[in-house]
Amino acid sequence: MRRKPEALKRALAELDAQHLRRYPGIAVDSELDFSSNDYLGLRHHPAVRTAMADCALSTVAGAGASHLISGHHAAHDALEHALAEFTGYPAALVFSTGYMANLGVLTALLERDDLLLQDRLNHASLIDAGLLARVRESHRYPHANAAAARERLQEFRQRRGEAAALLATDGVFSMDGDVAPLAELAAACHAHEAWLVVDDAHGIGVIGADGRGSLEHHGLKAADVPVLIGTFGKALGTFGAFVAGDKALLEWLLQRARTYIYTTALPPPVAAATTQALQLVTAEKWRREKLAELIGHFKDGAARRGLSLLPSDTPIQPLVIGDVQRTLAASHALRARGLRVTAIRPPTVPNGSARLRVTLSARHERPQLDMLLDALSASLEPNQPATELAS
Ligand SMILES: *Cc1c(COP(=O)(O)O)cnc(C)c1O
């Protein structure tokens with residue numbers, strides 16, 4: 001344990017020495033942002049901002065309490081109905097953040113003797129949820145390997161007939177941009193009577209013809225994925241999260257999900273803005289079409305310049321550099337040109353896979369992508385002076 005401030009200072013100095021210290025850089029309007037998760041540009045949308053302002057002016061700024069005390073407002077109720085309709089589930093429950101939704105779902109569903117299976121590259125909040133759930137058996141299967149997951153489920157069932165199993169996966173992997181093999185995972189979970197929990201933080205609004213996310217993308221139905229989690233802070237451009245499922249599941253979460261029960265409800269204006277954003281996801285299909293066009297343009301341009309991106313068809317387009325110092329230097333070089341691409345380093349990604357995680361948005365234009373591609377090529381020249389690191 002790091003008991004003393006001196007020990008913390010030493011630990012921080014060690015991070016500095018390894019180029020692993022992080023800083024919250026203030027967002028600057030003049031910069032071209034290729035790091036946000038605002039894939040559709042909805043946080044800039046006048047209708048979304050107006051919905052938030054109108055609700056604040058006509059009702060209240062904050063919820064005032066948790067949902068089960070007196071903090072559940074009409075705006076939350078309207079949003080939950082809109083979410084159920086949008087996702088095709090019987091019902092939805094609003095959580096204050098995606099992190100809390102994941103903690104709440106896994107701790108409410110799992111018991112000591114159950115098995116928890118997770119993709120090795122799942123988001124940190126699912127990994128933490130697994131720790132908090134304190135199951136005796138917890139296993140992370142190789143990334144996107146449905147066959148390995150199926151084998152585990154089968155083995156567990158043969159050995160422990162009575163206990164339940166739960167498999168949790170990101171729908172779209174946040175740092176790689178690839179999609180989970182959901183149809184295979186759903187089939188494996190169905191065959192072995194396991195819960196399937198999909199965290200679709202980067203899928204909702206973005207993939208599927210109507211932006212309904214991973215299920216729509218893979219042609220799955222609500223019945224194939226008993227628990228769907230989505231967040232509002234990414235493509236919907238606001239803040240918060242939801243869990244969709246059948247009524248019994250949501251009723252259980254209401255009784256047992258501590259991160260739902262013991263926290264203040266989302267501010268009603270945020271809920272109102274999110275309901276508006278949800279409408280725009282379907283009404284303004286051009287945003288997804290433009291995004292798809294930009295993704296194609298970016299991938300083509302990268303290939304032409306010899307930049308090897310991870311295989312991804314989503315707006316998350318990572319360029320793995322590997323070495324932490326080189327990745328930081330490239331990020332700083334881009335920053336000097338007014339381009340914001342954050343360096344993603346361990347422990348957010350596995351050791352040796354530091355990367356520039358480029359994210360695209362419907363607000364970008366082709367010439368801006370060309371500018372980024374040229375700057376990426378230049379900043380990754382092998383003889384690029386390392387002096388950029390000084391900043
Ligand atoms: C961002 C994210 C979360 C956390 O959502 P917040 O609402 O920001 O707390 C959870 N899961 C995934 C996959 C994410 O990308």
Amide H within-cut-off set for Leu40, under 5 Å, with H built and near neighbours excluded:
Ala362
Rounding to the nearest 20 debye, state how big the charge dipole of the range 120-159 is about its Cα centre with +1 on each Lys and Arg Cβ and -1 on each Asp and Glu Cβ.
100
Positive dipole terminus of the chain, leading residue within His139, His297, Ala91 (C-beta point charges)
His139
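Can you give the Kirkwood hydrodynamic radius for the chain, in Å, rounded to one decimal and based on Cα pairs? Mind showing how you got there, number by number?
Numbers: mean 1/r = 0.0452 Å⁻¹.
Mean inverse Cα-Cα distance, inverted, gives 22.1 Å.
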Measuring from the longest principal axis of the C-alpha atoms of the chain, the long axis of helix 74-87 (C-alpha) lies at a number of degrees, nearest 10, equal to 80
Cα-based Rg then Dmax for the range 1-115, in Å, read 21.0, 54
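Using mean Cβ contacts within 10 Å as the protection proxy, how do 237-244, 306-313, 12-19 order, highest first?
Values: 237-244: 25.4, 306-313: 14.5, 12-19: 11.4.
Those peptides, ordered most packed to least, come out 237-244, 306-313, 12-19.
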Evaluate the charge dipole of the chain about its Cα centre and quote only its size in Debye, nearest 20, assuming +1 on the Cβ of each Lys and Arg and -1 on the Cβ of each Asp and Glu.
1080
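Multiplying the sequence separation of Glu137 and Arg112 by 0.36 nm and subtracting their Cα-Cα distance, what value in nm do you get? Spell out each step's value before the answer.
Details: separation 25, 0.36 × 25 = 9.00 nm, distance 0.84 nm.
Value of the extension gain: 8.2 nm.
If you stretched the chain out fully between Asp246 and Leu20, how much longer would it get, using 0.36 nm times the residue separation minus the C-alpha to C-alpha distance? Write down the numbers at each step before the final one.
Details: separation 226, 0.36 × 226 = 81.36 nm, distance 4.29 nm.
Full extension from Asp246 to Leu20 adds 77.1 nm.
Within the set of other residues whose C-beta is less than 11 Å from the C-beta of Leu20, count the net charge using Lys and Arg as +1 and Asp and Glu as -1. If you can, show how the numbers build up before the last one.
Details: positive: Arg21, Arg22, Arg345; negative: Glu14, Asp16.
With Lys, Arg at +1 and Asp, Glu at -1, the net is +1.
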For Ala303 and Thr282, extending 7 Å from Cα along the Cα-Cβ vector and measuring point to point gives, in nm, a value of 3.5
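What is the local net charge at Thr327, summed over the other residues whose Cβ is closer than 11 Å to its Cβ (Lys, Arg +1; Asp, Glu -1)? Walk me through the numbers on the way to the answer.
On the way: positive: Arg326, Arg345, Arg355, Arg357; negative: Asp323.
Result for the local shell: +3.
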Using the Cα centre of the range 1-151 as the reference point, and only Cβ charges (+1 on K/R, -1 on D/E), how large is the resulting charge dipole? Debye, rounded to the nearest 20.
800
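What net charge do the residues around Ala277 carry, taking every other residue with its C-beta under 15 Å from that of Ala277, with Lys and Arg at +1 and Asp and Glu at -1? Please list the in-between numbers first.
On the way: positive: Arg43, Arg49, Arg212, Lys234, Lys285, Arg287, Arg288, Arg363; negative: Asp38, Asp54, Glu80, Glu85, Asp210, Glu284.
That works out to +2.
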In range of the label at Leu57: residues from the range 257-287 whose backbone nitrogen is under 19 Å from the point 7 Å along Cα→Cβ
268-277
The FRET efficiency for Gln154 and Asn351, from their Cβ-Cβ distance with R0 = 45 Å and rounded to 0.05, is 0.90
Between helix 46-58 and the chain, what is the angle of the helix's C-alpha long axis to the longest principal axis, kept within 0 to 90° and rounded to the nearest 10?
50
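Pull out a ≥ b ≥ c, the square roots of the eigenvalues of the alpha-carbon gyration tensor of the range 84-132, then state rounded if a/c is under 1.5, prolate if not and a/b is larger than b/c, and oblate in the remaining case. Can you show the working numbers first?
Working: a/c = 1.90, a/b = 1.63, b/c = 1.17.
Because a/c hits 1.5 or more and a/b exceeds b/c, the range 84-132 counts as prolate.
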What is the P(r) of the range 291-335, as percent of Cα-Cα pairs per 10 Å bin from 0?
26, 48, 26, 1
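Rounded if a/c is under 1.5, else prolate if a/b is larger than b/c, else oblate: which is the range 192-289, with a ≥ b ≥ c the root eigenvalues of its Cα gyration tensor? Present the calculation step by step, with values, prior to reporting the outcome.
On the way: a/c = 2.51, a/b = 1.15, b/c = 2.19.
Oblate, since a/c reaches 1.5 and b/c is not below a/b.
Each value in this text was obtained by applying a stated rule to the coordinates, not by laboratory testing. Computed from a predicted structure; not experimentally measured. Heads up, the Cβs are rebuilt from the backbone with ideal geometry, glycines too, and the neighbour counts pull from every protein chain shown.
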